[in-house]
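Working notes, beginning with the structure itself.
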Amino acid sequence: MAYDLLIVNARAVRPGEDEPAPASIAVRAGRIAAIGPDLSPADAHEVVDAGGRLAFPGAVDGHQHWGIYNPLDVDTASESRASAQGGVTTGLTYMRTGQYYLNRGGSYAEFFPEVLRLAEGRAFVDYAFHLAPMQAGHIDELGTLVDEFGVSSFKIFMFYGSHGLHGRSTDQSSFLMTPPGERYDLAHFEFVMRGVQRIREERPELADGISLSLHCETAEIMAAYSKLVEEAGELKGLAAYSASRPAHSEGLAITIASYLAHETGLPAINLLHLSGEKAMESALRMAAAFPHVDFRREVTIGHLIATYDTAAGLGGKVNPPLRAEADRQALWRAVLAGQVDWVVSDHACCRDETKFGTDRDDVFVAKSGFGGAEYLLPALITEGRRQGLSLGRVAELVCANPAKRYGLWPRKGDLAVGFDADIVLVDPDRTWTVTAEASESTQEYTPFEGFELTARVDDVWLRGHRILRDGAVVGTPRGEYLRRPVSR
C-alpha cells in the first residue's frame, strides 16, 4: 500500500535516545505508517528530502493561554500560527471563568461549549484545554467535564487568594466572578483536590490521564513584599517585580500544596513554572517527603533562557517572575539531573497597548505574561547544547513527557508507528536572531528580542499535513480539539 508522504534522509530524534538515527518516515492517513532507514520513495505519493536535518516529534506545549488578553477566536488563529513556528503541533491552554478569557462566570456546562465554539476551525495546531474549578459548583462538574468534554487536567491558582493577576487585589469576588459568600482559598483548594481524586477513583481506566496542576505562589507573602518594594523604591523594572513576588513565596506554596495532596490522597500533581532554586528545592523536598505523590515539575523556556537582567525590558513581566542568573543556572542543573519533567512556553499573547498601558516605565502597572511558543523547540535545543543536554532528552521534555501526563499518549509525543504524523524538521546549524517582527503572534514585542539561537524549525507537519514550509506558515487551519485521555 502506498504512503501519502515519505520524508527521507532525516535524522530522527526520539525520546530517551541520546543520539539521532538515520531514518525515513512514512505517513499514511495522518499517522506514521513506517519508520526506518530503508523505505522506498517509489512507494510514496510525495517525497520530501530532509537533507540530513533533525526530525523531532511535534512538540506538545503543555502550558499556553489562548484568549487571556485577546478574544479567544483571534488568539486561536494567530497564536497557533506562532506555535507552529516553534515546532509545537499540540497546544494545551489553561482556561477559567472570571475576568480575562471570556470575562464571564457561571457553570462550565454553559462556559465550556462557548470556548469550543470560538476555537473551532481556527487553529493551525491541535489543541486541548485545562480547566480551573473556581467555585464550589465547578467541583461537582468535574466528572461531566471528563466524560462529556474530554477534559482530564485541572488547575489551581494559589495566589488568587488575595492577589490579582498583576498585583495586589482587595476584590477577589468580582475579579473571579464567584458566587456571593464563596472564597477562593486553601479550603477550596483542598476540596478541588478531593474532587479530582474522586473522579479518578470513579474512573480507574482513565485515572492515569487525570491530574491537577498548581500555580504555586503565596498571596499574603506577595502582597506584603509588593508593598515593601514599591515603598522602598530602590529596585526598578523586572528586578523589582522579582523581589515583590519573592522566591520563598513559591517554596511555601509548594509545601502547602504538597501536604494537601498528601492529605486528600491525590497522587497526580503538576507543579507549574518553577522559577528558580528555592522553588525547585521545595519541590524536590516535598517529593522526598511524600513519595506516594507522583509530582511532575514544569519549567518554562523563558526561565531557562532569560533573567531579569537579560530580558528585553518590562515586556518580560510574568508570573512567577524571571529571576537572577543563579536561579536560571539552578533550573538547568535540575534539567540535567533529570529532575524536570517538561518544558513549556507559558505563551500568553499580550499586545503592546494592553501590556504597558500609559506608563511604560512602571513594572507594577504592566500586565503579566508574554508569548514564546514560537521559540520553544529552537531555544531549548540552542541552550540545551550549551548546557550539555542531549537531543533525546529535549524530545522527552517537550514531546513525550507532557503527552503522557496529559492523556495524549499514544497519539502524540513520539516518532513511532501508529502515532499522529506530527513531524518537525529542524536545522541544527542555522544561527538566527529573535525579533518580534518575524513572529506570527500579534504581540508586537518579545522579551527575547536580540537573542541569538543556533537551531531553526524549518518544516512542520500536523497529522501529515504541512503547516510550516521553510519557516513560514502555510495552508489552512487543520487543528482539532483533542478529547482526553486519547486512549479511551
Computed E for Thr358/Gln99 - FRET, C-beta separation, R0 25 angstrom, nearest 0.05: 0.80
Cross-link reach list, lysines versus Lys367, counting only Cα pairs under 24 Å and skipping chain neighbours closer than eight places: Lys155, Lys227, Lys236, Lys317, Lys355
With all protein chains modelled, accessible area of His292 [1.4 Å, Å²]: 110 Å²
Computed E for Glu281/Ala136 - FRET, C-beta separation, R0 35 angstrom, nearest 0.05: 0.55
The chain: relative contact order as a whole-number percent, Cα under 8 Å and 6+ apart: 22 percent
R0 of 51 Å, Cβ-Cβ distance Ala42-Tyr481: FRET efficiency to nearest 0.05: 0.85
Gained length - Glu114 relative to Ala29, 0.36 nm times residue gap less alpha-carbon distance: 27.6 nm
Descending semi-axes in Å of segment 300-400, equivalent ellipsoid built from Cα gyration tensor: 27, 14, 10
Cubic angstrom per residue, convex hull over Cα atoms of the chain: 128 Å³
Reduced Cα scattering model of segment 30-157, Debye log10 I(q)/I(0), q = 0.09, 0.11, 0.13, 0.18 Å⁻¹: -0.36, -0.50, -0.63, -0.97
Computed accessible area, Lys404, all protein chains, 1.4 angstrom probe, square angstrom: 100 Å²
Pairwise Cα inverse-distance average, inverted: Kirkwood Rh of segment 377-465 (Å): 14.5 Å
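For segment 186-285, what does the relative contact order come out to in percent, with C-alpha contacts under 8 Å and a separation of six or more?
Worked out over segment 186-285, it gives 36 percent.
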Ranked order, Val365, Val474 - accessible area, probe 1.4 Å, largest first: Val365, Val474
At least 15 Å along the helix axis (C-alpha) and Kyte average at least -1.0, DSSP helices within the chain: 72-85, 108-119, 186-202, 219-232, 247-264, 277-289, 325-336, 376-387
Accessible surface of segment 332-402 [probe 1.4 Å, protein heavy atoms]: carbon and sulfur percent: 41 percent
Other-chain or far-sequence residues with amide H under 5 Å of Arg28's (modelled H): Asp4, Ala33
Considering only segment 75-213, percent of DSSP beta bridges that pair antiparallel, nearest 5: 15 percent
Rounded to the nearest 10 Å², the accessible area of Val48 at probe 1.4 Å: 20 Å²
Heavy-atom accessible area order for Glu141, Glu217, largest first, 1.4 Å probe: Glu141, Glu217
Average accessible surface area per residue within segment 260-370, 1.4 Å rolling probe, Å²: 34 Å²
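If you roll a 1.4 Å probe over the heavy atoms of the protein chains, what accessible area per residue do you get for segment 50-131, in Å²?
On the way: 1800 Å² over 82 residues.
Here the residues of segment 50-131 average 22 Å² of exposed surface.
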The chain: calculated mean residue ellipticity at 222 nm from DSSP helix runs of at least 4, using -39500 (n - 2.57): -9500 deg cm²/dmol
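The values are calculated or read from the model by the stated rules, or taken from the named source; none is laboratory data. These figures come from a predicted structure and were not determined experimentally. As a convention, Cβ positions derive from the backbone with ideal geometry for all residues, glycine included, and neighbour counts pool all protein chains shown. In case anyone asks, the SASA skips ligands and DNA or RNA and just uses the protein heavy atoms, side chains included. Shrake-Rupley method; radii C 1.70, N 1.55, O 1.52, S 1.80 Å.
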